[in-house]
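Just so you know, all these numbers are worked out from the coordinates, no wet-lab data involved. Since this is a predicted model, take the numbers as computed values, not measurements. Every residue, glycine as well, gets a Cβ built from its backbone with ideal geometry; the counts of neighbours run over all protein chains shown.
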Amino acid sequence: MPTNRRRLLYVIAVALGVSAVGTVTYIFWQRTNPPNPPAVDLAQVDPEVAEAVIAARAAVIKSPRSASAWGKLGMTLRAHDYGDAANLCFVEAERLNSDEPRWPYLHGLTLLLTDPHAGIAKLRQTVEICQDSPPSPRLRLAEALASVGEYADADEQFQLALRVDRASPRANLGLAQLAFQRGDTKRCLDYLRRVESVHPGRKDVRQLQVQVRTRLGENISEREQRALVEMPDDPPWPDAFVVEVQQLQVGLNMRLGEAFALLEQNRVTEALEALEKTVKIHPRSDRAWLAMGQAHGRLKQYTAAETAFRKVLELQPNSVEAWFQLGLAAYFQKKYGEAIECFQKIIAVKPDHALAHYNIGYCLKETNKPQEAIEAFRAALRCAPDYAPAQKALDELLPQKPK
Amino acid sequence: MFRRVGGVFETHPVLCLLLIAYLSLGCSRPNPPTSRPAPAGPPWFEDATERLGLNFVHDPGPTGSYFMPQIMGSGGALLDCDGDGRLDIYLLQNAGPESKSTNRLFRQGTDGRFVDVSEGSGLDVAGFGMGVAAGDVNNDGRPDVLVTEYGRARLFRNDGGFHFTDISKEAGIDNPTWGTSACFLDFDRDGWLDLVIVNYLDYDPSLRCAGASGRQDYCHPRSFAGTTTRLFHNLGRKAAETPNQIRFENVTLRSGLGKVPGPGLGIVCADFDGDGWPDIFVANDASANRLWINQKNGTFRDEAVARGVAYDTFGSARADMGLALGDIDGDGLFDLFSTHLTEEMHSLWRQEPRGHYRDVIATTGLSSPHWRGTGFGTSFADFDRDGILDLAIANGRVIRAGSDPGGDFWNAYRERSQIFGGEGKGKFRDLSLNNPDFSGKSMVARGLCVGDIDGDGAVDLLVTTVGGPARIFRNVAPNRGHWLQIRAVDPAQKRDALGAVVIVRSGKQSWVRMINPGQSYLSSHDPRAHFGFGQIDRIDAIRVLWPDGVEEEFSEHEVDRSITISKGAGRPAN
């Protein structure tokens with residue numbers, strides 16, 4: 001072989017060798033040196049949320065090869081709606097510990113929202129790791145398969161779930177929905193009966209039953225249909241991994257959510273304690289002061305309630321709810337003029353506030369101004385034609401027509 | 001590296017070993033995610049906005065206060081204001097009644113270009129404009145215009161010559177709440193168009209909402225109670241004090257619609273139970289939908305739950321917004337499509353058997369698109385005229401997408417719209433990647449109107465956006481099949497027969513359309529029915545079910561034209 005050609009061949013060989021070594025080095029480095037944790041924009045974010053994200057991120061920087069640190073950062077980001085950044089963390093956590101089902105599961109749940117097939121792949125991976133312990137990954141996989149029309153696969157997954165827990169209401173409901181899609185009303189009803197025997201009163205079960213009954217020729221009354229619509233929404237199925245994420249939520253939204261939940265359960269004193277802590281941390285939150293005023297009102301602590309509502313108005317001078325509550329307080333103290341002023345402030349911001357018009361009508365009625373009261377009640381009905389108390393009040397004031 | 005051996009190249013061993021080693025290292029890197037291959041094919045739409053002279057930029061008002069009506073509107077309309085056979089355009093602004101930004105009316109000239117004739121038209125009003133409905137309420141042959149707003153609704157009588165008069169007060173149209181979509185229908189079949197206005201939320205503008213991160217954003221609809229859909233009965237000449245006066249009576253409570261409030265956004269008025277009388281479907285946001293079935297006595301009954309359209313396939317209430325009605329599987333029955341949020345699957349309720357519906361989105365190909373979006377304006381139409389309905393969806397978010405992408409305020413809400421080609425039997429394929437003009441650019445799209453804007457027999461699109469330009473997308477689908485465009489009129493009423501159902505038959509095949517421009521989201525379509533027939537070049541008959549229950553057949557054979565059929569000119573159908 002001529003010398004020049006040989007030299008050229010050696011140069012090529014050396015170049016290829018160097019490239020190969022460089023590539024191997026790069027891949028090895030990448031695999032053993034995790035990436036930097038994703039940075040997210042924390043401008044205008046709740047300070048408690050920012051603190052939690054920064055702390056979780058710092059934990060990853062301190063222990064970059066810790067799957068649980070990456071996973072916790074991912075969950076913290078996910079809890080506060082940073083889905084894309086969360087997914088990057090779950091990928092890294094999964095790479096560092098491929099035996100942990102949480103990471104592909106949470107990654108999959110987020111992917112389902114925008115790319116169902118990618119989400120399904122992650123859920124399959126999760127089920128391979130954990131099988132049915134816990135049961136939610138397989139059930140979630142089955143539901144996701146059903147949502148993209150892969151009914152046979154979905155059916156198989158639900159059936160596998162039933163092998164572990166024959167009475168699983170979630171699996172039986174899923175099979176009922178599949179049976180309905182296939183037009184198998186008998187089987188659908190069978191599965192629904194199984195759900196009801198374990199978990200009576202579910203709205204999604206009732207609405208499917210109504211559909212089946214209609215298809216079988218039954219005439220469902222409007223009352224029954226309306227009662228079904230007015231049922232409270234079904235609680236989410238238990239999911240320990242999702243609960244872990246929810247427990248990482250911090251900030252004003254979380255605090256207010258907890259306080260409202262306590263108020264709904266009539267645990268007003270506890271709600272008030274929680275709100276007192278909240279306004280110390282978020283003193284400029286009109287929502288927090290509003291909730292506090294409502295809690296004081298529930299405990300008949302009217303002076304404290306009024307103080308809280310006035311604080312709301314310092315922060316948000318147009319607060320419809322604060323003016324409404326102050327108006328009510330004035331009305332109950334028979335300060336009708338003051339009450340009317342409060343309700344009129346509401347109408348200036350929200351002209352179609354039916355209750356404000358109605359309350360003005362009541363104040364005017366109490367102060368012996370029936371004609372103006374009539375106009376106010378009419379205004380209330382104009383905004384809400386279905387508001388029966390306004391119609392009743394109007395009827396009482398209108399001159400009776402001779403028979 | 002290679003040397004010829006007996007005419008065949010053979011490799012130098014050392015170099016090849018190195019090459020193989022190098023290539024195998026590359027193979028060990030994780031593969032990039034596989035994206036679905038885009039189907040081959042040229043685009044169906046091109047952006048013709050500038051060429052056609054449509055110059056409109058939506059003003060949603062100042063940003064930063066997260067005033068909720070700002071993110072929900074506005075819509076528009078395609079309508080032939082002057083009866084010259086060419087579609088004109090009406091577009092709404094949303095900056096408030098004190099704003100200098102007024103709604104705009106554009107007349108289409110003989111050259112196909114649009115000229116702004118707003119000034120002096122009477123339609124150049126300012127407000128928090130939401131939706132438009134077009135219909136001839138006084139049967140004078142000219143379509144009138146209803147505009148819904150946050151805080152009121154306005155009815156404008158078409159006086160001819162692109163002049164309109166606000167007759168809301170004298171007509172008795174009073175809607176002080178947050179109106180969204182609206183629709184004209186003749187619910188009592190007396191020949192006079194009645195009006196239904198959907199209302200959204202009992203909104204408190206002083207409430208500030210935030211996402212999970214604490215950053216302020218537009219409020220979720222569940223922060224407020226829903227409001228009632230209002231029904232206005234057209235009294236015709238009965239209560240008129242002057243010959244031209246139009247009067248409506250608010251029959252919301254009496255009709256039953258006032259019994260149940262809801263956060264209403266979309267509306268379709270059509271015969272959902274097959275009894276020949278128009279019913280009303282209201283899409284509710286994050287709440288059960290309503291299907292008001294006409295009881296033929298001035299009252300309606302909500303049967304959404306029993307008929308399967310209250311919830312999605314899993315029994316959940318979704319963010320139902322835009323609506324499209326069409327026979328997707330060629331069985332002669334109308335099916336209903338509803339758009340939802342990016343994080344939710346849309347719904348497609350297939351009618352089977354008549355009057356009953358089942359959400360079959362999972363099996364249509366629409367549940368696995370190239371990307372998801374928060375859908376608003378939407379419509380079925382046969383864009384390529386192959387005889388099968390296609391689907392267009394205008395997308396744009398209502399809450400931020402996770403991390404802030406930076407840039408201008410609306411960047412966090414922009415999404416790409418979508419086009420799906422029908423494949424028959426209720427299946428669709430995603431053609432969005434093939435349509436860069438329509439689907440390539442991210443927008444905060446809201447209204448979508450369909451109609452043959454340039455009169456070439458192909459359905460075009462008009463899209464409105466929040467804070468951006470309105471756009472015309474001209475249909476340029478190649479190899480389009482044969483077609484027919486039908487205007488159905490009732491000469492006695494001197495207007496389009498809104499609510500009529502038109503069925504075209506050729507051999508064993510038939511196609512069905514409804515005459516009613518009120519669908520989609522906040523929008524009003526071209527009222528003509530457009531049909532595509534693929535290779536079929538001759539039709540056997542046209543059957544029309546007129547709104548008053550009369551059925552007629554028309555013998556029409558030629559295709560590839562626009563025709564007008566009039567009630568009374570056909571022969572009674574068997």
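I need the per residue convex hull volume for the range A:101-230, using only the alpha carbons, in cubic angstrom as a whole number.
Numbers: hull volume 14.8 nm³, N = 130.
That works out to 114 Å³ per residue.
Based on a Kirkwood Rh over C-alpha pairs, give the Stokes-Einstein translational diffusion coefficient of chain B at 4 °C and viscosity 1.567 mPa s in µm²/s. Before the final figure, lay out the partial values.
Working: Rh = 24.4 Å.
Using the Kirkwood radius from Cα pairs, D works out to 53 µm²/s.
Using 22 Å as the Cα-Cα cut-off, could you pick out the over-long pairs in A:Lys369/A:Lys392; B:Lys169/B:Lys238; A:Lys369/B:Lys259; A:Lys392/B:Lys169; B:Lys238/B:Lys296?
On the way: A:Lys369/A:Lys392 17 Å; B:Lys169/B:Lys238 17 Å; A:Lys369/B:Lys259 31 Å; A:Lys392/B:Lys169 26 Å; B:Lys238/B:Lys296 20 Å.
With Cα atoms farther than 22 Å apart: A:Lys369/B:Lys259; A:Lys392/B:Lys169.
Is any helix in chain A, taking whole DSSP H runs, at least 27 angstrom long along its axis by alpha carbon and on average at least 0.0 on the Kyte-Doolittle scale, and which ones?
Details: long enough: A:3-32 (43 Å, 0.56).
Answer set is A:3-32.
Find how much the distance from A:Glu375 to A:Ala43 grows on full extension, using 0.36 nm per residue of separation minus their present alpha carbon separation; answer in nm with one decimal.
Numbers: separation 332, 0.36 × 332 = 119.52 nm, distance 4.86 nm.
This chain segment gains 114.7 nm when fully extended.
Quick check on the range B:490-529: what does the Kirkwood estimate of hydrodynamic radius come out to from the alpha carbon pairs, in Å? Kindly include the intermediate steps, with their values, before the conclusion.
Details: mean 1/r = 0.0863 Å⁻¹.
Over the range B:490-529, the inverse of the mean reciprocal pair distance is 11.6 Å.
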**Request:** Run the quick spin-label model on B:Ile563 and B:Arg237: label points 7 Å from Cα toward the beta carbon, then report their separation in nm to one decimal.
**Result:** 3.2
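With contacts defined as alpha carbon pairs under 8 Å and 6 or more residues apart, what's the relative contact order of chain B in percent? Mind dumping the intermediate values first?
Numbers: 1639 pairs, mean separation 79.3, N = 574.
Relative CO of chain B lands at 14 percent.
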**Prompt:** Which FRET efficiency, nearest 0.05, do B:Arg301 and A:Ala261 yield, Cβ-Cβ r, R0 35 Å?
**Reply:** 0.45
**Request:** Divide by every residue of chain B the summed helix terms, -39500 (n - 2.57) for each DSSP H run of at least 4, and state the resulting mean residue ellipticity at 222 nm, rounded to the nearest 500 deg cm²/dmol.
**Result:** -1000 deg cm²/dmol
**Asked** What residue among A:Pro137, A:Pro34, A:Pro236 has the largest mean-square fluctuation in a Gaussian network model of chain A, using Cα springs under 10 Å?
**Response** A:Pro236
**Complete:** Taking the square root of 5λ for each eigenvalue of the C-alpha gyration tensor of the range B:346-450, the equivalent ellipsoid has semi-axes, largest first and in whole angstrom, of 27, 16, 12
**Request:** For A:Lys300, list the lysines whose Cα falls under 27 Å from its own Cα; do not include residues on the same chain fewer than 8 positions away.
**Result:** A:Lys277, A:Lys280, A:Lys311, A:Lys334, A:Lys335, A:Lys345, A:Lys365
**Dipole of chain B, positive end: most advanced residue of B:Phe248, B:Gln295, B:Pro478 [Cβ charges, Cα centre]** = B:Pro478
**Asked** Just going by the charge dipole of chain A, with Lys and Arg at +1 and Asp and Glu at -1 on Cβ, which of A:Phe343, A:Tyr151, A:Pro370 is farthest out on the positive end?
**Response** A:Tyr151
**Message:** Can you find, among A:Ala161, A:Phe90, A:Leu112, the residue sitting farthest towards the positive end of the charge dipole of the range A:77-205, where Lys and Arg contribute +1 and Asp and Glu -1 at Cβ?
**Reply:** A:Ala161
**Message:** Could you check the spin-label model distance between A:Asp233 and A:Arg166? Points 7 Å from the Cα along Cα→Cβ, value in nm.
**Reply:** 3.5
**Prompt:** When only DSSP loop residues count, what trypsin sites (Lys or Arg not before Pro) in the range B:58-154 have their Cβ near at most 12 other Cβ atoms within 10 Å?
**Reply:** B:Lys100
**Message:** Ignoring solvent entirely, what values of log10 I(q)/I(0) come out of the Debye formula for the protein assembly as shown at 0.04, 0.06, 0.07 Å⁻¹ when each Cα is a single scatterer?
**Reply:** -0.22, -0.49, -0.66
**Request:** Distance between Cα centroids, the range A:135-191 to the range B:404-437: provide it in whole Å.
**Result:** 31
**Request:** Evaluate Rg over Rh across the range A:17-103, taking Cα atoms for both radii and Kirkwood's formula for Rh.
**Result:** 1.08
**Item:** Relative contact order for the range A:250-397, counting Cα pairs under 8 Å that sit 6 or more residues apart, in percent
**Value:** 12
**Asked** Once every DSSP H run of n ≥ 4 in chain A is given -39500 (n - 2.57) and the sum is divided by its residues, what mean residue ellipticity at 222 nm do you get, rounded to the nearest 500 deg cm²/dmol?
**Response** -24000 deg cm²/dmol
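Counting Lys and Arg as +1 and Asp and Glu as -1, what is the net charge of the other residues whose Cβ lies under 15 Å from the Cβ of B:Thr180? Show your work: numbers first, answer last.
On the way: positive: B:Arg152, B:Arg154, B:Arg230, B:Arg290, B:Arg446; negative: A:Asp352, B:Glu149, B:Asp202, B:Asp285, B:Asp320.
Taking every other residue near B:Thr180 into account, the sum is 0.
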**Fill in**
Inter-part gap, Cα centre of the range A:99-119 to Cα centre of the range B:268-309, in whole angstrom, is 38
**Item:** Relative contact order, percent, chain A [alpha-carbon distance under 8 Å, six or more residues apart]
**Value:** 7
**Message:** Whole angstrom only: what separates the Cα centroid of the range B:175-253 from the Cα centroid of the range B:116-160?
**Reply:** 15
**Prompt:** What's the angle, to the nearest 10 degrees (0 to 90), between helix B:13-27's Cα axis and the longest principal axis of chain B?
**Reply:** 30
**Estimated distance in nm for a label pair at B:Asp456 and A:Glu314, the labels positioned 7 Å out from Cα along Cα-to-Cβ** = 6.7
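Under a point-charge model restricted to the Cβ atoms of Lys and Arg (+1) and Asp and Glu (-1), what is the dipole moment magnitude of chain B relative to its Cα centre, in debye to the nearest 20? Intermediate values should be presented prior to the final figure.
Values: 59 positive and 74 negative charges, 280 e Å.
Roughly 1340 debye, rounded to the nearest 20.
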**Item:** Residue mean of other protein chain beta carbons inside 10 Å, B:301-310
**Value:** 6
**Residues of the range B:353-381 with amide N under 19 Å of the 7 Å Cα→Cβ point at A:Glu156** = B:363
**Asked** How much net charge surrounds A:Asp386 when only other residues with a Cβ under 13 Å from its Cβ are counted (Lys, Arg +1; Asp, Glu -1)?
**Response** +4
**Prompt:** Using bins 5 angstrom wide from zero, how does P(r) for the range A:269-403 break down, in % of all Cα pairs?
**Reply:** 2, 11, 18, 18, 17, 12, 10, 5, 3, 1, 1, 0, 0, 0
**Request:** Would you kindly compute the Cα radius of gyration of chain A and its largest Cα-Cα separation (Dmax), both in Å?
**Result:** 31.0, 126
